[in-house]
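Below is one structure, written out as structure tokens, with a few remarks after it.
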Amino acid sequence: MTTRFQYFFLLVFLTLTTTCLALDIEDARGKVTAKTDTTITIQEYDYELDKDVQNTYDIDPHVNLGNAQDLQDITTGCSIEIAYIVDGDKRIAKTIILSE
């Protein structure tokens with residue numbers, strides 16, 4: 001019985017550790033160039049390419065907002081900051097902060 005518990009505990013620990021490590025939060029900031037109910041596109045500076053680029057982010061259904069009551073407050077032309085995770089080829093916005 002003790003061995004089963006140890007294996008179970010190890011499995012849970014490894015699963016949680018792997019999950020936490022997989023959620024590598026990245027950030028971006030720029031001006032909104034387009035927005036739908038599920039995506040937001042911003043123009044931001046890419047330091048590796050040394051130029052402005054446009055990137056699109058999927059909006060997490062449970063996105064956290066800063067300086068905005070809801071997503072309708074964020075419109076084209078607004079300056080924002082995004083905290084996001086990468087899932088495959090998608091960037092998923094977890095937090096969007098409207099710059100004041």
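The values are calculated or read from the model by the stated rules, or taken from the named source; none is laboratory data. What you are looking at is a predicted structure, and each value in this text was computed from that prediction instead of being measured. A quick note on method: Cβ atoms are made from the backbone with ideal geometry, for glycine too, and the neighbour counts reach across all protein chains shown.
Of all residues in segment 66-92, how many are under 13 Å from K35 (Cβ atoms) and more than 8 Å from the chain's Cα centre (by Cα)?
Count: 11.
I need the full set of residues from segment 43-77 which are within 15 Å of K90 (Cβ to Cβ) and in contact with a Phe, Trp or Tyr (Cβ under 9 Å, 6 or more places away or on another chain), in order please.
If the condition is that a residue be within 15 Å of K90 (Cβ to Cβ) and in contact with a Phe, Trp or Tyr (Cβ under 9 Å, 6 or more places away or on another chain), then Y57, D58, D60 are the ones that fit.
Show the residue pairs meeting these rules: Cβ distance below 9 Å; 6+ apart or different chains; first residue within segment 35-53 and more than 14 Å from I74 (Cβ to Cβ); second residue of a type in the set (F, W, Y).
K51/Y45; D52/Y45; V53/Y45
Test each condition in (1) under 21 Å from K90 (Cα atoms); (2) at pLDDT below 95 for T2 and report the one that comes out false.
(1)
Of all the residues that make up segment 66-100, how many are in a loop (DSSP other than H, G, I, E, B) and within 18 Å of D24 (Cβ to Cβ)?
Number satisfying all stated conditions: 2.
Looking at V53, V32, which one is modelled with pLDDT of 95 or more and touching a Cys at 6+ places or on another chain (Cβ under 7 Å)?
Result of the check over V53, V32: V32.
State the number of residues belonging to segment 44-65 that are over 16 Å from the mean Cα position of the chain (by Cα) and either charged (D, E, K, R) or assigned to a strand (DSSP E or B) (or both).
Residues in segment 44-65 being over 16 Å from the mean Cα position of the chain (by Cα) and either charged (D, E, K, R) or assigned to a strand (DSSP E or B) (or both): 7 in total.
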